[in-house]
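Structure record follows, encoded as structure tokens.
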Amino acid sequence: MNHWGNGRFRAFSAGSRPKGEVNPMTLEVLERSRLPTAGLRSKSWDEFSKPGSPDLDFVFTVCGNAAKEQCPFWPGQPMTAHWGVDDPAEVTGSDEEKRRAFNRALRELDARIKLFVNLPIGSLDQMTLQESLREIGRSASSEGPEASGRPAR
């Protein structure tokens, strides 16, 4: 989001049960895709529900299990949507199978982020924007953005 948003967004990543370090395969896949990794760290989403945390306009849950979890209260009541992807860290098998899972997750999120950053956010009413966020979450299946019937932006 920070990369494709070209300064329009300030994005954070956090999880419900952080492991204490960023998965090395995450870093490998991001670096191979020439996406910045400086400053990435493992953190709980609770960090963003405390007083003094950054203001959030949007919250996207991404792991399949997150849709079933109780999310914290987000100060400022940002718009939320679930953009579920299979958690690549849960894949077992060879390093190549794991790498494919991480690459698939990156492709799915990359496609959704590109759709999001190209929305005319300032000209959409709240209901239309919320539905657009949900629609993005339903698009870009594991086959890539083409599977949604929409071209990648």
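The values are calculated or read from the model by the stated rules, or taken from the named source; none is laboratory data. Predicted, not measured: the structure shown is a model, and the values here were computed from it. No Cβ is skipped: glycine too gets one built from the backbone with ideal geometry, and neighbour counts run over all protein chains shown. These area figures cover heavy atoms from the full protein model, side chains too; ligands, DNA and RNA do not enter into them. Shrake-Rupley method; radii C 1.70, N 1.55, O 1.52, S 1.80 Å.
Determine, yes or no, whether SER148 is open to solvent by less than 30 Å² (accessible area, probe 1.4 Å), of a type outside the set (Val, Ile, Thr), at pLDDT below 95 and farther than 23 Å from SER16 by Cβ.
Details: open to solvent by less than 30 Å² (accessible area, probe 1.4 Å): no; of a type outside the set (Val, Ile, Thr): yes; at pLDDT below 95: yes; farther than 23 Å from SER16 by Cβ: yes.
Answer is no for this residue.
With respect to SER141, determine if the residue is hydroxyl-bearing (Ser, Thr, Tyr) and either at pLDDT 90 or above or touching a Pro at 6+ places or on another chain (Cβ under 9 Å) (or both). Can you show your working first?
Values: hydroxyl-bearing (Ser, Thr, Tyr): yes; either at pLDDT 90 or above or touching a Pro at 6+ places or on another chain (Cβ under 9 Å) (or both): no.
Here the answer is no, as SER141 does not meet what is asked.
Take the residues in the stretch 36-62 that are open to solvent by 50 Å² or more (accessible area, probe 1.4 Å) and basic (Lys, Arg), then tell me which one is nearest to the chain's Cα centre (by Cα).
The selected residue is ARG41.
If SER132 passes every condition in (1) assigned to a loop (DSSP other than H, G, I, E, B); (2) at pLDDT 95 or above; (3) hydroxyl-bearing (Ser, Thr, Tyr) but one, which one does it miss?
(1)
Among the residues of the stretch 24-35, is any assigned to a helix (DSSP H, G or I), open to solvent by less than 60 Å² (accessible area, probe 1.4 Å) and farther than 20 Å from TRP4 by Cα?
Within the stretch 24-35, one or more residues are assigned to a helix (DSSP H, G or I), open to solvent by less than 60 Å² (accessible area, probe 1.4 Å) and farther than 20 Å from TRP4 by Cα.
Looking only at the stretch 85-109, which residues are open to solvent by 40 Å² or more (accessible area, probe 1.4 Å), among the aliphatic types (A, V, I, L, M) and not in a helix (DSSP H, G or I)?
Passing the criteria: only VAL91.
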